[in-house]
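The structure appears below as structure tokens.
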Protein chains: 2
Amino acid sequence: MKCEIIAVGTELLLGDILNTNAQYLSRRLSELGIFCYHQSVVGDNPQRLKETYELAFKRADLVITTGGLGPTKDDLTKEISFEFFKKESVLHEESLKRIEDRFEKMGREMAKNNIKQAYFPKDAIVLRNDNGTAPGCIINENNKILINLPGPPKEMKPMFEESVVPYLSNFQNVILISKVLRVIGIGESSAEEMISHIIENQTNPTVAPYAKDGEVTFRITATAENENKAKELIVPIEEKLKEIFKENLYGEGDDTLEDVLGKILVENNLTVSTAESCTGGLLGAKLINYPGISAVFLEGAITYSNDAKMRTLGVKEETLKEFGAVSSETAKEMAEGIAKRCGARIGISTTGIAGPGGGTDEKPVGLVYVGVYIDGEVSTKKLNLLGNRQQIRNRATQCALDFLRRKLCISKHYKDIK
Amino acid sequence: MKCEIIAVGTELLLGDILNTNAQYLSRRLSELGIFCYHQSVVGDNPQRLKETYELAFKRADLVITTGGLGPTKDDLTKEISFEFFKKESVLHEESLKRIEDRFEKMGREMAKNNIKQAYFPKDAIVLRNDNGTAPGCIINENNKILINLPGPPKEMKPMFEESVVPYLSNFQNVILISKVLRVIGIGESSAEEMISHIIENQTNPTVAPYAKDGEVTFRITATAENENKAKELIVPIEEKLKEIFKENLYGEGDDTLEDVLGKILVENNLTVSTAESCTGGLLGAKLINYPGISAVFLEGAITYSNDAKMRTLGVKEETLKEFGAVSSETAKEMAEGIAKRCGARIGISTTGIAGPGGGTDEKPVGLVYVGVYIDGEVSTKKLNLLGNRQQIRNRATQCALDFLRRKLCISKHYKDIK
């Protein structure tokens, strides 16, 4: 099955937004064994959109669009779909009800415009949208399949996974199964060198590295006639990678560092607290991303000023005077201070210079100390981070979470963890 | 002048990389007054690339490609360009010298493959690459202009700015100027309805709405023979929008809510503090995004547990018992508690149910209270937010920041603000 992806929206042609949908869909389609020879972007213009449909169906059997399902006059993807397939559009009561309910829940009045989002051809498959007002649809006319999905990625992705993937799997006779392993604390080139002997001899499964945000992920992809056989092919490669990367390998699939750490904390009933200076809330916010963390997260302090560090964390005035707020000593007292304040077994701290101002020769922008207190023992780590203010704060947050994760993985007290 | 952008590379069709080049070029071209009606992506396949060239030149006078200029057999963008324009390719000595020098500087031997990167048609304009081995080129044949640029953004962007922008400016006699206004607290459809009389009668300037993350932006775009005239055309429309949206219009261009609020706080020397339950650090983290906030940000508390709310913020046990942690009363005591704790003039608080668990009929997931304390006065706002855990927490954070912004804008004490 050949596929084309069309993104609809003048904002894409003006460069206002980035077309992340095309990447997401291409990757997922290739994992499903469906190859995409063309991607295109067209504006909110009826004539050009129609021509783009015509061209796409000359080259492919499956066309997936994103965008143009909104309530405004500019949004006309669905309308052109009806026209292209000469379909009459009828009101889909269930969708209208869902849109009305959504507005009611938000306590806002539904604009008249929104009614048009509930119109579909009688024989189309309507795709429910749990994350926005625009439902999607599938039209299959003589084995030409058109799928209209909404533009916002947070609506498009769940709709694709929940409704489109099961639909498309009916048409495939070999399948691709992928497994992603996530590595932190090693650069991309080094990580790739460590497994170069595996990458060079690969056929099925294949191993593809990808670096982003201080992490390296390895996607292992196997092709087979069914899911079980594909999964069996993945196992030995996965084992090899785990052996090579050891504790640097922190998770799988869509795992995030905070998920992995949150799970360790909750399962071992390890109460935790945070004391942040330069990260200013990001560390707490990341940990609290993990649902269920409320069982162990006791308190966090954003102690941006020296006064707050002394008042709330009990950092000593002498420490601040002698070593400065950005120092290993302060990081230690912050981690210990927050843990003792709320009676938590664990305290994590960050203190550093995020910039753009505030750096000196001795303490440049990007210098960050992270501290971890566990059951009476404190340790710190010095970081020299690159990037702008936001990047430094985000990286400091990731490093602090990873520092605690490693400490817990190697700690004798939590031998069973990993 | 009409333009099309073609990105060449199978890795794009597999979803391995994100096509950021298309966004960059589209934005820059539209700023130069060159409109792009189509973007497309095609793989490293000679036949399909040639067909893509043919189609693009049927629709446009200017075609810009990115990618496929590398040294391997897969890289064939330039070769197809020669074929398409029936041009003979000759060695460009200067380029060969630069490539050889580059390898020498890196202390590596040049692979034979790289020689092909120095071949160009005799009458093409060769574009120097200071950041990689692949030069670009411009072929202008009977007013059909083809520009081949390298794929890596760090090579493509400087080449575009240094060589392509000056070249293209020769062909332009009108320019486009855009101004973006940012509106919060009104849904997209309602916002559009409020200015439908302006949108319906628009010619020059045009007004385009775009919704993202709970905001609506309006891009006003004017065409004129020079920058000043274009800016003059924008003024009356901008005034009208400001009049209609009043305090809902919070910023311009790339302004973020935290920038606007941070600026108000710092310029008026308003000391601020945060007390967060469900947002768990996000509110503090957002405020601290604003560089220079350290002058006024005194302290933040992540009081996820009831104990922490009582211990650190002085929330009364009776309040928690009678009204619950998620209540207007608790939000009030939290905001007041953190402000008094650190002596700040302003305290902001959030308390709510971010889900996925923890909701009841009476207090469903998405129920959030935000509180604002300013100089002795406390007010709260009840929110019913939709989405998953992360979305609810992000929206609660935006709403809390916006609630404070509005309070400050209408407050008599800060009349001069806005």
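The values are calculated or read from the model by the stated rules, or taken from the named source; none is laboratory data. Not measured: the values here are computed from a predicted model. Positions of Cβ are generated from backbone atoms using ideal geometry, with glycine treated the same way; all protein chains shown enter the neighbour counts.
Residues in the stretch B:29-51 that are modelled with pLDDT of 90 or more, assigned to a helix (DSSP H, G or I) and surrounded by 19 or more Cβ atoms within 10 Å (Cβ to Cβ): B:LEU29, B:LEU49.
There is no residue in the stretch B:261-281 that is within 30 Å of B:GLN202 (Cβ to Cβ), crowded, with 16+ Cβ neighbours inside 10 Å and away from chain A (no Cβ under 14 Å). Applying a threshold of 6 Å to beta carbon distances and a minimum spacing of six or more residues, or different chains, the list of pairs starting in the stretch A:88-100 at a residue that is free of Cβ contacts under 8 Å to residues at least 24 places away in the same chain and ending at one that is of a type in the set (A, V, I, L, M) and crowded, with 17+ Cβ neighbours inside 10 Å reads A:LEU96/A:ALA118; A:GLU100/A:MET110.
Condition check for A:LYS229 on (1) surrounded by 20 or more Cβ atoms within 10 Å (Cβ to Cβ); (2) out of contact with any Gly (no Cβ under 6 Å at 6 or more places or on another chain); (3) among the charged types (D, E, K, R): one failure, at (1).
Output yes when any residue across the stretch B:183-194 is touching a Pro at 6+ places or on another chain (Cβ under 6 Å), modelled with pLDDT under 90 and β-branched (Val, Ile, Thr), and no when none is. No, every residue in the stretch B:183-194 fails to be touching a Pro at 6+ places or on another chain (Cβ under 6 Å), modelled with pLDDT under 90 and β-branched (Val, Ile, Thr). If the condition is being modelled with pLDDT of 95 or more and in a helix (DSSP H, G or I), then the stretch B:1-22 contributes B:THR20, B:ASN21, B:ALA22. A:GLY68 meets the conditions (1) more than 30 Å from the chain's Cα centre (by Cα); (2) of a type outside the set (Ser, Thr, Tyr); (3) at positive phi in every case but one. The failed one is (1).
Only a single criterion out of (1) in contact with a Leu (Cβ under 8 Å, 6 or more places away or on another chain); (2) at the interface with chain A (Cβ under 10 Å from one of its Cβ atoms); (3) part of a helix (DSSP H, G or I) is not satisfied by B:LEU25, namely (1). If you go through the stretch B:375-394 and pick out every residue that is under 20 Å from B:GLY337 (Cβ atoms) and among the β-branched types (Val, Ile, Thr), you end up with 2. When the stretch B:365-402 is filtered for residues that are more than 13 Å from chain A (Cβ to nearest Cβ) and of a type outside the set (A, V, I, L, M), the ones remaining, listed by number, are B:TYR369, B:GLY371, B:TYR373, B:ASP375, B:GLY376, B:GLU377, B:SER379, B:THR380, B:GLN398, B:ASP402.
Tell me whether the stretch A:88-100 contains one or more residues that are at the interface with chain B (Cβ under 7 Å from one of its Cβ atoms) and at pLDDT below 95. No - not one qualifying residue is present in the stretch A:88-100.
The residues of the stretch B:143-152 that are part of a loop (DSSP other than H, G, I, E, B) and more than 15 Å from B:LYS2 (Cα to Cα), listed by number, are B:PRO150, B:GLY151, B:PRO152. The residue that is nearest to the chain's Cα centre (by Cα), among those in the stretch B:292-335 that are of a type in the set (Lys, Arg) and surrounded by fewer than 24 Cβ atoms within 10 Å (Cβ to Cβ), is B:LYS332. Scanning the stretch B:241-286 for residues that are of a type in the set (Ser, Thr, Tyr) and either closer than 24 Å to A:GLN391 by Cα or in contact with a Pro (Cβ under 8 Å, 6 or more places away or on another chain) (or both) turns up B:THR256, B:SER273, B:THR274, B:THR279. Screening the candidates B:GLU317, B:GLU329, B:GLU333, B:GLU322 for the property of being of a type in the set (Asp, Glu), in contact (Cβ under 8 Å) with a residue 12 or more places away in the chain and more than 12 Å from every other protein chain (Cβ to nearest Cβ) yields one hit, B:GLU333.
Against the list (1) facing chain B (nearest Cβ under 8 Å); (2) crowded, with 19+ Cβ neighbours inside 10 Å; (3) in a loop (DSSP other than H, G, I, E, B), the condition A:ARG108 fails is (2). Scanning the stretch B:336-362 for residues that are part of a loop (DSSP other than H, G, I, E, B) and buried (at least 24 other Cβ atoms within 10 Å of the Cβ) yields one hit, B:ALA354.
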